[in-house]
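*Asks:* One structure follows; several queries about it will come next.
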């Protein structure tokens, strides 16, 4: 029993460290930008809608409210990548929400789990 608890604790610690290392941080390797370029997908009609959102701004995409809290790109001496911190809520179904970082290089890491809509980060805008 103690071994199982110790192993569980170790796995949780490794998982927590991996999660914090994946998140962008302020510093010389990440550069803040003024906005984010997103794609909104309506899965029912299969229509993509390009969305341009400034940091701190909230826009509506169908029943979703999307707020960009920050958008960062890697510095010129780093591998290309963009990350945006998004708050997404559905006014029609409050259960479906997203709060966190989306990465261009690894979109499957953090996705909006919604039955009708999908939002994908394309990059940051100056």
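The values are calculated or read from the model by the stated rules, or taken from the named source; none is laboratory data. Being a predicted model, the structure only gives us computed values, none of them experimental. Neighbour counts run over all protein chains shown; Cβ positions are idealised from the backbone, glycine included.
*Asks:* Can we say residue 44 is in a loop (DSSP other than H, G, I, E, B) and at pLDDT 95 or above?
*Replies:* Spelling it out, residue 44 is indeed in a loop (DSSP other than H, G, I, E, B) and at pLDDT 95 or above.
*Asks:* Of these, 80, 92, which one is modelled with pLDDT under 95, exposed (fewer than 13 other Cβ atoms within 10 Å of the Cβ) and either in contact with a strand residue (DSSP E or B) (Cβ under 7 Å, 6 or more places away or on another chain) or not in a loop (DSSP other than H, G, I, E, B) (or both)?
*Replies:* Step by step, each of 80, 92 is checked, and only 80 is modelled with pLDDT under 95, exposed (fewer than 13 other Cβ atoms within 10 Å of the Cβ) and either in contact with a strand residue (DSSP E or B) (Cβ under 7 Å, 6 or more places away or on another chain) or not in a loop (DSSP other than H, G, I, E, B) (or both).
*Asks:* Restricting the search to region 111-126, which residues are under 9 Å from the mean Cα position of the chain (by Cα) and surrounded by fewer than 18 Cβ atoms within 10 Å (Cβ to Cβ)?
*Replies:* 111, 120
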